[in-house]
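Colleague: Starting off with a structure, shown below.
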Amino acid sequence: MRTRLVSLASLAIAVAATPVMAQRPTVARVTPYVGYMQFGSYADGPLGTSIRNAGAPLYGVQLGFDLTPNIAFVGNVGYSASNLEVGVPILGGLDLGTSNVLLYDAGLQLRLPSVGTLGTGVTPYLEAGAGAMRTEVSAGPINARSTNFAMNYGGGIDLQLRRNIGLRGSVKDYVGKLDLKEPTGFDINTKQTHNWAFSVGLNVGF
């Protein structure tokens with residue numbers, strides 16, 4: 001009889017705990033993503049010309065940890081392989097060489113109230129942070145590598161398909177300045193640029 005009572009008690013505890021475990025909040029998210037990077041002009045030349053990176057595919061992954069139900073700490077790494085070009089009015093862009101850009105940053109994410117129930121629905125969010133853009137440029141005799149501080153801000157939407165799986169669409173602006181004067185030795189004065197990252201990814205929660 002005692003054994004049967006212990007077994008029944010254990011079963012009751014397990015059944016009672018099942019909904020609690022099912023409703024356990026997500027505390028971490030991993031989001032691999034792909035997208036497109038639209039770069040700003042590094043420097044302006046005569047007659048409306050400019051030096052810039054051509055728009056290129058973007059690949060990366062973001063990791064987030066919930067600090068509260070609505071605030072998360074996020075870290076991101078992204079990569080884009082582009083062409084360095086001279087922008088010419090009417091003619092478009094003329095390739096000068098290649099440019100590889102590595103993004104790494106961290107910041108805070110503010111998740112707004114979601115529209116949906118039972119772990120599904122749409123959740124908009126805002127994000128801001130800081131980090132660096134590491135740029136490698138190869139153009140004729142110039143082979144330069146420069147790492148520069150960059151701020152970022154943006155937002156997006158999480159479309160939650162299940163409690164731990166969803167899709168994420170994101171738009172972020174990386175604001176920074178590429179320093180080519182020191183690594184190349186040439187007197188190239190660059191300006192602060194806005195570099196827009198558009199991406200979609202798979203959002204997996206733990």
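Colleague: For the subset of segment 113-152 comprising residues that are polar (S, T, N, Q), touching a residue at least 40 places away in the same chain (Cβ under 8 Å) and assigned to a strand (DSSP E or B), which member is surrounded by the fewest Cβ atoms within 10 Å (Cβ to Cβ)?
Modeller: Ranking the qualifying residues of segment 113-152, first place goes to SER138.
Colleague: When residues of segment 46-80 are filtered for being at pLDDT below 95, in a strand (DSSP E or B) and under 15 Å from ALA197 (Cα atoms), how many remain?
Modeller: Going through segment 46-80 one residue at a time, the tally reaches 1.
Colleague: Filter segment 26-42 for residues that are part of a strand (DSSP E or B) and surrounded by fewer than 16 Cβ atoms within 10 Å (Cβ to Cβ) and give the result.
Modeller: ALA28, VAL30, PRO32, VAL34, TYR36, listed by residue number.
Colleague: Tell me which residues, restricted to segment 60-78, are surrounded by fewer than 16 Cβ atoms within 10 Å (Cβ to Cβ) and either over 15 Å from GLY129 (Cα atoms) or touching a residue at least 40 places away in the same chain (Cβ under 8 Å) (or both).
Modeller: Hits for segment 60-78 are VAL61, LEU67, THR68, PRO69, ASN70, ILE71.
Colleague: Restricting to segment 153-162, what's the tally of residues that are outside any strand (DSSP E or B) and buried (at least 16 other Cβ atoms within 10 Å of the Cβ)?
Modeller: Going through segment 153-162 one residue at a time, the tally reaches 0.
The values are calculated or read from the model by the stated rules, or taken from the named source; none is laboratory data. This structure is a prediction, so every number in the text was calculated from the model and none was measured. Every residue, glycine as well, gets a Cβ built from its backbone with ideal geometry; the counts of neighbours run over all protein chains shown.
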